[in-house]
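These notes concern the structure reproduced below.
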Amino acid sequence: MAAMPTQSLARERHTLAPLVAVTSASAVFAVLLILVRLHWAPLESADHGAAAGINSLVVGRAPLVAVIKAITWLGSDGVLWTVIGAAAIVLALRRRWRLAVYLLVTGAGALVLDPVLKSLVGRLRPVVAHPIAHGTGNSFPSGHSLGSIVCYGAVLLVFLPAARGRWRPAFITATVTLVALIGISRILLGVHYLSDVVGAWAVGIAWLGLTTFAFELTRYSAGLPVTDPVTDGLEPEARADLRPAQPERSGAGAHIRDRGRVAAGVLIAWVLIVGIVIGLGELIVKAGNGNVLGDTTIPHWFAAHRTPGGDRWSLVFTTLGATQAILIVSLATCVVFLAVTRRWRPAIFLAAVMFGELAAFLTAAAVVRRPRPGVSHLDQHLPTSAFPSGHEAATCCLCIALAILVIGHARGWWRWLFLVPAIAMPVLVGLSRMYRGEHHPTDILGSLLFSALWLTAATVLIRPNAQRHTRRPVSDEPPKLAPAPRAVS
């Protein structure tokens, strides 16, 4: 009989914990909001003094500023929504719908709170002697700080059950450190006051606690056990579905040796292929007659036949082959295959292909240093040289790698449709780059050569479609990827 009151008391403590966090954080935010709105002199003096002092410590230190900008980028809306979207895709594919909805609702709340609160307060940005960054909109609260604590905090609460042992405190520490560094970076860049960041953290904790409290109430109403989300995560019973991939079945030593041989083979192949591409570029630039394969005539022909419609379409395909679009599609593809197949191999294959492409492109462009074609350029301030085409290489690697993965893992006739973008997109992106005056035909040729060699080497060495699930026979059911069996925890 005495156990029931004890259990009831424990349940009440677990239920009240998020409410206490919401109340405390809301009180801190309310106090800061009133003081900022009333222009309270001590707070204004402390904020301006801190902004000026920190600015003097950072200005003129280019490497430090670059690191700070990289950290603050991790709190931008694009990165945060990519993280939330990728996590929601994983949860939806694993049929953890409540957790997916929790992530989307929590992240959307931060997106709405930031502009609303800024417009209500109307605080101007800091003015420092030597500005090193510029922010748009009002200052209070810090949008990067608010978004990061909400989005990364929600991801932590959702995926915490998948981390056990020493990985759990490491996961928590890394998340807290990242959120703190993002907030501090906004002060170091001189785009926010200290109170902007503290206020953002307070309202972020309040919103995160409120949504967590609501989630726990739904579990309680459904008859599920109410746990401590800070220590156990939102759904401890979902651990098997939250783990990214199933554990390796082979011996640990043999598996490590196999991975080491594959990594060494991939690295050696990359070096040899990059050497071939650089050699081709040097040969074209130094030994060519200036019009190899129409390097002079074709760009001039495109420049002479430009039209408004052609300008628009070339911009569309150039944008699709740009780094930002390629990274988003690559990340989404890795997430989908990791969630469905529960194997690391497809994701590692795609990550290796795309990272190798980017590194090879930057290396070859820095060594060859080929000038752009001598025509008017529709794109301005490009940071690299002409050979090879980064847009073309990235498009080839992504589209063909995606076709390799889908054809290898899926069933049904529809999988062969992925050959269409694998063929069409490289052609369209290559034509758009020459049309816009950014590349010679041999620049495109060098990218095609690299992509063919690199994709072949990565596919042979990594074998992205190996060990796929083959127990279920082919049927006429609606097309879907074949999931691997779930790991037993």
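The table below lists the values:
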{"quantity": "Long-range neighbours under 8 Å by Cβ, at least six apart or interchain, first residue under 18 Å from residue 333 (Cα atoms) within region 415-429, second outside any helix (DSSP H, G or I)", "calculated": "415/479; 425/321"}
{"quantity": "Test: residue in region 240-263 that is assigned to a helix (DSSP H, G or I), at pLDDT 80 or above and surrounded by 15 or more Cβ atoms within 10 Å (Cβ to Cβ)", "calculated": "yes"}
{"quantity": "Answer from 444, 407 - the residue that is touching an Asp or Glu at 6+ places or on another chain (Cβ under 6 Å) and among the β-branched types (Val, Ile, Thr)", "calculated": "444"}
{"quantity": "From the options 62, 88, residue that is among the small types (Gly, Ala, Ser) and surrounded by 14 or more Cβ atoms within 10 Å (Cβ to Cβ)", "calculated": "88"}
{"quantity": "Residue within region 374-388 that is modelled with pLDDT of 90 or more and of a type in the set (Asp, Glu) present", "calculated": "no"}
{"quantity": "Within region 299-334, considering residues that are hydroxyl-bearing (Ser, Thr, Tyr) and out of contact with any Lys or Arg (no Cβ under 7 Å at 6 or more places or on another chain), the one modelled with the lowest pLDDT", "calculated": "323"}
{"quantity": "Meets criteria (at pLDDT 75 or above and out of contact with any helix residue (DSSP H, G or I) (no Cβ under 7 Å at 6 or more places or on another chain)) for residue 283", "calculated": "yes"}
{"quantity": "Pairs with Cβ under 9 Å, 6+ apart, first in region 324-342 and assigned by TED's automatic domain parsing to the domain that holds residue 354, second aromatic (Phe, Trp, Tyr) and surrounded by fewer than 19 Cβ atoms within 10 Å (Cβ to Cβ)", "calculated": "338/344"}
{"quantity": "Flag if residue 363 is surrounded by fewer than 21 Cβ atoms within 10 Å (Cβ to Cβ), more than 14 Å from residue 447 (Cα to Cα) and in contact (Cβ under 8 Å) with a residue 60 or more places away in the chain", "calculated": "no"}
{"quantity": "Boolean, residue 446 is surrounded by 19 or more Cβ atoms within 10 Å (Cβ to Cβ), in contact (Cβ under 8 Å) with a residue 60 or more places away in the chain and in a helix (DSSP H, G or I)", "calculated": "yes"}
{"quantity": "Boolean, residue 190 is surrounded by 23 or more Cβ atoms within 10 Å (Cβ to Cβ), under 22 Å from residue 21 (Cβ atoms) and out of contact with any Gly (no Cβ under 7 Å at 6 or more places or on another chain)", "calculated": "no"}
{"quantity": "Residue match in region 189-197 (condition: more than 24 Å from residue 37 (Cβ to Cβ), part of a helix (DSSP H, G or I) and among the charged types (D, E, K, R))", "calculated": "no"}
{"quantity": "Listing of helices (runs of 4 or more DSSP H) fully contained in region 289-386 that carry 1 or more residues being over 26 Å from the mean Cα position of the chain (by Cα)", "calculated": "297-304, 308-320, 344-368"}
{"quantity": "Qualifying residue in region 283-301 (condition: farther than 20 Å from residue 432 by Cα and buried (at least 16 other Cβ atoms within 10 Å of the Cβ))", "calculated": "yes"}
{"quantity": "Among the candidates 410, 403, residue that is small (Gly, Ala, Ser), out of contact with any strand residue (DSSP E or B) (no Cβ under 8 Å at 6 or more places or on another chain) and in the same structural domain as residue 277 (by TED's automatic domain parsing)", "calculated": "403"}
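The values are calculated or read from the model by the stated rules, or taken from the named source; none is laboratory data. Everything numeric here is computed off the predicted structure, so don't read it as measured data. Positions of Cβ are backbone-derived with ideal geometry, glycine not excepted, and every protein chain shown enters the neighbour counts.
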